[in-house]
1. May I ask you to compute the full-extension gain from Lys125 to His47, defined as 0.36 nm times their residue separation minus their alpha-carbon distance, rounded to one decimal in nm?
2. Rg(Cα) of region 8-59 divided by 2.2 N^0.38 Å?
3. With the cut-off at 19 Å, tell me which of the pairs Lys75/Lys142; Lys55/Lys142; Lys149/Lys196; Lys142/Lys195 have Cα atoms farther apart than that.
4. Using only Cα atoms, find the angle between the long axis of helix 8-25 and the longest principal axis of the chain, and express it within 0 to 90 degrees, rounded to the nearest 10.
5. Label Asp214 and Lys75 with points 7 Å out from Cα along Cα→Cβ: what is the distance between them in nm?
6. For the Cα atoms of the chain, what angle does the longest principal axis make with the long axis of helix 191-209, in degrees from 0 to 90, nearest 10?
7. Region 78-130: which trypsin sites (Lys or Arg not before Pro) are DSSP loop and have at most 15 other beta-carbon atoms within 10 angstrom?
8. Could you put Lys165, Lys53 in order, starting from the residue whose Cβ has the fewest other Cβ atoms within 10 Å?
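Only the coordinates and a few stated rules stand behind these numbers; no lab work does. Predicted model, so just to flag it, every value in this text is computed and none were measured. Please note: Cβ atoms are built from the backbone with ideal geometry, for glycine as well, and neighbour counts cover all protein chains shown.
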Amino acid sequence: MGGYSNSEQTREALIDAAGELAAEFGFANVSTRAIAEKANQNIGSIHYHFGGKDKLFEEVMRSALQRYRDNPISKILDNFAGRLDEPSVQSEAIRQIVHRSIICAFGLKERWWNERVLYQAVHSKNPLRDLLRRELIDPDIKDMMRLLKHIKPDISEEDALLHIKILEGPVILHAQHFEESLSESRRSYTEEYLKKLEDVLVRSFQLYWGLPLDK
């Protein structure tokens with residue numbers, strides 16, 4: 001194994017190794033030694049670069065969340081400021097939100113593990129789940145509530161949460177169980193398949209709420 005290095009390449013190798021292992025086995029089942037061996041680094045390099053395994057896992061989560069932070073739903077809605085009461089705008093907003101979810105989940109093929117570690121964090125009883133909720137789940141729910149209130153002003157919080165889960169659930173399901181749908185030689189869905197997934201989700205939402213359908 002190599003010695004300590006200040007290079008960004010070493011940091012990224014450790015993040016990738018920890019991410020892949022956590023995606024497959026869960027954060028609680030990944031040892032410092034396993035991460036170091038997979039990254040071809042000394043165990044001490046984890047402490048040198050991150051201060052320990054817990055901090056490394058936080059960086060894994062931040063890496064997985066970065067695409068969502070760069071493309072928040074709030075940004076999509078702000079682009080339609082003053083027009084969110086228009087059905088055609090609501091319909092387009094839904095299209096962009098679903099597209100954003102799919103791009104964030106599947107757009108970074110070289111880091112196939114990103115979405116899987118988010119799933120693992122949801123099922124972890126540790127600060128990683130709090131980080132996920134604080135930086136992704138709560139903001140997304142708040143922004144989707146904002147849109148749904150324009151579509152149906154008297155919608156209850158319970159009904160809104162139901163429709164948010166229905167809209168986002170299939171994307172999450174595809175991300176977490178891709179190995180059951182794909183051959184061992186592939187780590188991602190085709191662009192054609194993802195476009196069909198997007199179209200099905202958007203059209204179902206449009207039909208339910210009586211919004212204009214895409215031409």
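1. Full-extension gain reported as 25.8 nm.
2. This ratio for region 8-59 stands at 0.95.
3. Working: Lys75/Lys142 13 Å; Lys55/Lys142 28 Å; Lys149/Lys196 27 Å; Lys142/Lys195 26 Å.
Going by Cα-Cα distance, Lys55/Lys142; Lys149/Lys196; Lys142/Lys195 fall outside the 19 Å limit.
4. The angle comes out at about 70 degrees.
5. 2.0
6. It is inclined by approximately 40 degrees.
7. Values: sites: Arg83, Arg95, Arg100, Lys109, Arg111, Arg116, Lys125, Arg129; in loops: Arg83, Lys125.
In loop regions of region 78-130 (DSSP not H, G, I, E or B), the sparsely surrounded trypsin sites (Lys or Arg not before Pro) are Arg83, Lys125.
8. Starting with the residue having the fewest Cβ neighbours, the order is Lys165, Lys53.
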